[in-house]
Amino acid sequence: MKITVCLTDLRPDSWVADLRSALPDAEVEPWAPGAPQADHAVVWAPPQTFIDEQPRLRGLFNIGAGVDALLGLRLPPSMRIVRLDDAGMGVQMAEYVCHALIRHFRDFEGYEADAREGRWSFRKPRDRMDFAVGVMGLGVLGQRVAQAISTFEFPVLGWSRSPKQIEGVECHAGRESFDAFLGASRVLVNLLPLTDDTRGILNAKSLSRLNGGRPGGYLINVARGAHLVERDLLSLIDAGQLAGATLDVFETEPLPPEHPFWRHPRITVTPHASARTVREVSVAQIAGKIRAMERGEPIAGVVERDRGY
Ligand code: NAP
Ligand code: GLV
């Protein structure tokens, strides 16, 4: 069995070495133009040339959870696209979102500003019952995040395409319940995949529904930059309708130095760092799935191309 590794801007050496150890019977090589046809590929943002030169790949294993970039390529119908299932990202995403939520709710940013001035300040405690958190996307990462938030006793709502039952989470499903979900949420966490249905879903109309349409809503976007209409967010914050945002993903990455998000006092920016791929765990997961596929067994995380995730 031949495995090719194409990670575009990332160095493949450690991935190749770890895959060789995990699959000692396989021939694992970094991809270069003109390389022989392989059976499976481990990829991140491969170019179209890679797909065109490897038309008989059976499995295309993405070293991330989101497959929007891969689905933008022309892919033979026979090629199975497989995303990472958690693989160490769930706990990181839970840390990141809980940190952003609590930093906002407890006004730690305000205390930090006071501390810089040497000011021993009092900030009135807020009632967490007024800070319902809505999680968009209740998949592998969204469920993990919703459950982590509920341990801090915030009211938690969730929204997905198909109906769900999750303890401690008021679950909504489908477009028909989107407005009710938004209206009942004060803090909105985005963990949707980027698809034709979800592109631009965070816009003036949806964001102004937060908190029952009253000022004070807050956005945490950790999914994809193209979910958000960036100018709408800025207008709503500057008009005082939204309290602010924590953003990890952007329409253009890296975020250009002149972008207003960098210096906005109500916006916290991180460089697509909320949940990094953990190589060791990911290699073990991918190797396990390749072995299962070769035995003809079903595997988790196969992307349904029609729905886009
Ligand atoms: P997942 O398991 O595929 O979950 C996706 C969830 O979104 C599912 O609950 C799905 O509903 C829901 N959904 C999809 N389309 C919808 C629609 N049109 N309306 C309502 N709900 C919809 O994905 P995941 O592993 O949790 O990852 C989510 C996303 O996080 C990834 O696609 C990626 O973009 C992003 N991500 C970002 C980082 C980062 O570092 N910033 C790291 C990892 C992942 P059903 O349950 O009904 O199917
Ligand atoms: C990172 O953004 C991922 O999709 O894993």
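Every number here is computed from the coordinates shown, using simple stated rules; none is lab data. These numbers were taken from a predicted model, which means no experiment stands behind them. Every residue, glycine among them, receives a Cβ derived from its backbone with ideal geometry; neighbour counts consider all protein chains shown.
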(request) Could you tell me what percent of the DSSP beta bridges with both partners in the chain are antiparallel, to the nearest 5? (result) 5
(request) Choose one answer from Arg276, Arg74, Arg20: the residue with the largest mean-square fluctuation in a GNM of the chain with alpha-carbon springs under 10 Å. (result) Arg74
(message) Whole-Hz ³J(HN,Hα) for each residue in segment 178-191, computed from phi via Karplus 6.51 cos²θ - 1.76 cosθ + 1.60 with θ = phi - 60°, x for glycine and proline: what do you get?
(response) 5, 5, 5, 4, 5, x, 8, 9, 9, 9, 10, 10, 9, 10
(message) I'd like the Karplus ³J(HN,Hα) series for segment 160-169: coefficients 6.51, -1.76, 1.60, θ = phi - 60°, whole numbers in Hz, and an x wherever there's a Gly or Pro.
(response) 9, 7, 9, x, 9, 10, 10, 4, x, 10
(message) Quick check on packing: order 46-52, 110-116, 58-64 by the mean number of other C-beta atoms within 10 Å, highest mean leading.
(response) 58-64, 46-52, 110-116
(message) I need the peptides 141-149, 209-217 ranked by packing, meaning the mean over residues of other C-beta atoms within 10 angstrom, with the highest value on top.
(response) 141-149, 209-217
(request) Give the angle, between 0 and 90 degrees and rounded to the nearest 10, that separates the Cα long axis of helix 13-22 from the longest principal axis of the Cα atoms of the chain. (result) 70
(request) Using DSSP, restrict attention to beta bridges with both residues in segment 191-309 and report what percent are antiparallel, rounded to the nearest 5. (result) 0
(request) Calculate the length of the line joining the C-alpha centroid of segment 50-106 to that of segment 197-261, in whole Å. (result) 22
(message) Between helix 89-105 and the chain, what is the angle of the helix's C-alpha long axis to the longest principal axis, kept within 0 to 90° and rounded to the nearest 10?
(response) 10
(request) For an R0 of 41 angstrom, estimate the FRET efficiency from the Cβ-Cβ distance between Glu297 and Glu253 and round to the nearest 0.05. (result) 0.65
(message) On a straight-distance basis, which lysines could pair with Lys2 in a cross-link, Cα separation under 27 angstrom, same-chain partners fewer than 8 positions away excluded?
(response) Lys289
(request) State the extension gain, in nm to one decimal, for the chain segment bounded by Gln48 and Asp130, taking 0.36 nm per residue of separation less the distance between their alpha-carbons. (result) 24.7 nm
(message) Starting from 0.36 nm per residue, how many nanometres of slack lie between Asp179 and Val91 once their C-alpha separation is accounted for?
(response) 28.8 nm
(request) Assign unit charges at the C-beta atoms only (+1 for Lys and Arg, -1 for Asp and Glu), then state the dipole size of the chain relative to its Cα centre in Debye, rounded to the nearest 20. (result) 480
(request) Pop out the ³J(HN,Hα) list for segment 172-177 in order, Karplus 6.51 cos²θ - 1.76 cosθ + 1.60 with θ = phi - 60°, rounded to Hz; leave Gly and Pro as x. (result) 10, 9, x, 4, 5, 9
(request) May I ask you to compute the full-extension gain from Glu109 to Ala284, defined as 0.36 nm times their residue separation minus their alpha-carbon distance, rounded to one decimal in nm? (result) 59.1 nm
(request) Using a cut-off of 13 Å between beta-carbons, work out the net charge of the residues near Arg20 (Lys and Arg +1, Asp and Glu -1, Arg20 not included). (result) -4
(request) Calculate the all-directions average of the projected area of segment 89-269's alpha-carbon convex hull, and give it in nm². (result) 10.7
(request) Can you pull a Stokes-Einstein diffusion coefficient for the chain at 20 °C (1.002 mPa s), Rh from Kirkwood over Cα pairs, as a whole number of µm²/s? (result) 103
(request) Report the net charge of residues surrounding Thr195, where surrounding means a beta-carbon distance below 15 angstrom and charges are Lys +1, Arg +1, Asp -1, Glu -1. (result) +2
(request) Kindly express, to the nearest 10 degrees and within the range 0 to 90, the angle between helix 279-294's C-alpha long axis and the longest C-alpha principal axis of the chain. (result) 50
(request) For Lys124, list the aspartates and glutamates whose Cα falls under 13 Å from its own Cα; do not include residues on the same chain fewer than 8 positions away. (result) Asp107
